[in-house]
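Note sheet for the following structure.
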């Protein structure tokens, strides 16, 4: 059971701000401000604006010792536990607690800053906290430290699919009966010079800045020109039903089946989504006709959007064109391992508000992408069952099936 969530993205900090702009299709993409990008041909990113860790957690934090993506995760976890009304310390005293976090990269900001300090002043100028704060597992360990509890900590790193895989692993820990509560989600912050240079060299950025930055990411649209790199985090409180009910918590949704698969060698990128969607449905005991909404990977990529469309048509068969589909990356960009968790957050909020989020900037239909992509400003519709897709660098794919909690 998902009982609490925290969302930090380019379009808003906190569940309410995140949902308000998401449901309206208002993009958080703009020109880069986190570093001087004047020498870069592509100067657009989905940055988190106005973020201050201390303002969110309400107490002094050693934020300078934390990577940016770690700060995001700490803040999002604080929001999630507040929404769930969960006293983490009291919970940990009664039963085992776990943290499972997905990250796709090391801390680019810490690594780049450390290199700059060493070049400017020699080895002694490198911070004593460099190694701890730059390692992928640093997020999970810092979460346990800020929550002030001894827990089982686990880090999942499978590219952009990491966050969704972490959530699936957290659900498995609860199903095993070994844990009643797991803090889980994903986080990434790669709006840095080195990260952008690497993305550019790999051909992962658009070919031009285009016009209005807010329309740069346009999933499934005929005029899409490539995805926009983003940053952010979404963290959740997952609980067993008995634990949630015992303390009077109100579940937002249930985590059901998950599928994970890498693309077949030589096959088009993101083609593995066909296997992951089928596996997520099978593991949930559900059929294509029961899917009410697909929160697509849809990165605004010429190839991947088309491949995902074809995969949906294969898996859903005759029902494919009757299932509403949208991608939230027109609003949040592609925040790597935070993408899947932010999609989960959007589904939880869509169930709460009875509203399917739109595919921002979807205006010109592509004959090769011919499903029911929800255009702005979204679609009022009660939602109970949804399928979430992610794809990552190296060909990793993941799909998660979720359902609204039925208290009857």
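Where a number appears in this text, it was derived from the coordinates with a stated rule and is not lab data. Just so we're clear, the structure is a prediction, and the values are computed from it rather than from any experiment. When we count neighbours, we look across all protein chains shown, and the Cβ atoms used for this are built from the backbone with ideal geometry, even at glycine.
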Worksheet item: In whole percent, what relative contact order does region 193-274 give with Cα contacts below 8 Å and a gap of six or more residues?
Response: 15 percent
Practice prompt. Between 14, 230, 340, find the one with the highest GNM mean-square fluctuation for the chain; connect C-alpha pairs within less than 10 Å.
Written response: 14
Item to complete: Quote the FRET efficiency, to the nearest 0.05, computed for residue 364 versus residue 82 with a Förster distance R0 of 45 Å and r equal to the Cβ-Cβ distance.
Response: 0.60
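Per-residue ellipticity at 222 nm for the chain, helices alone: DSSP H runs ≥ 4 residues times -39500 (n - 2.57), over residue total, nearest 500 deg cm²/dmol?
Working: 14 runs with 142 residues, N = 408.
Taken over the chain, the calculation gives -10500 deg cm²/dmol.
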Worksheet item: Can you list the residues of region 195-226 with backbone N under 19 Å from a point 7 Å past the Cα of residue 303, pointing along Cα to Cβ?
Response: 198-208, 218-226
Item to complete: Using only the alpha-carbon atoms of the chain, report the extent along each of the three principal axes, biggest first, to the nearest angstrom.
Response: 63, 56, 39
Discussion item. Can you give the FRET efficiency to the nearest 0.05 for residue 209 and residue 26, using r as the Cβ-Cβ distance and R₀ = 25 Å?
Written reply: 0.80
Worksheet, complete the sentence: For 15-27, 246-258, ranked highest to lowest by mean beta-carbon neighbours within 10 Å, the order is 15-27, 246-258
Worksheet entry | Cα centroid separation - region 265-315 against region 171-247, whole Å | 17 Å
Worksheet item: In percent, what relative contact order does the chain have, based on Cα pairs under 8 Å that are 6 or more apart in sequence?
Response: 23 percent
Worksheet item: Just the Cα atoms of region 1-102: what Rg and Dmax do they give in Å?
Response: 16.2, 55
Worksheet item: Hey, what did region 255-403 get for relative contact order, percent, Cα under 8 Å, at least 6 apart?
Response: 35 percent
Worksheet item: Given springs between every Cα pair under 10 Å in a Gaussian network model of the chain, which of 334, 87, 397 has the largest fluctuation?
Response: 87
Response to the item:
Mean-square fluctuation maximum in Gaussian network of the chain, Cα pairs under 10 Å, restricted to 269, 155, 131, hits 131
Worksheet item: Antiparallel as a % of all DSSP beta bridges within region 2-246, to the nearest 5?
Response: 60 percent
Discussion item. Run the simple label-point estimate for residue 247 and residue 175 please: 7 Å along Cα→C-beta, distance reported in nm.
Written reply: 2.3 nm
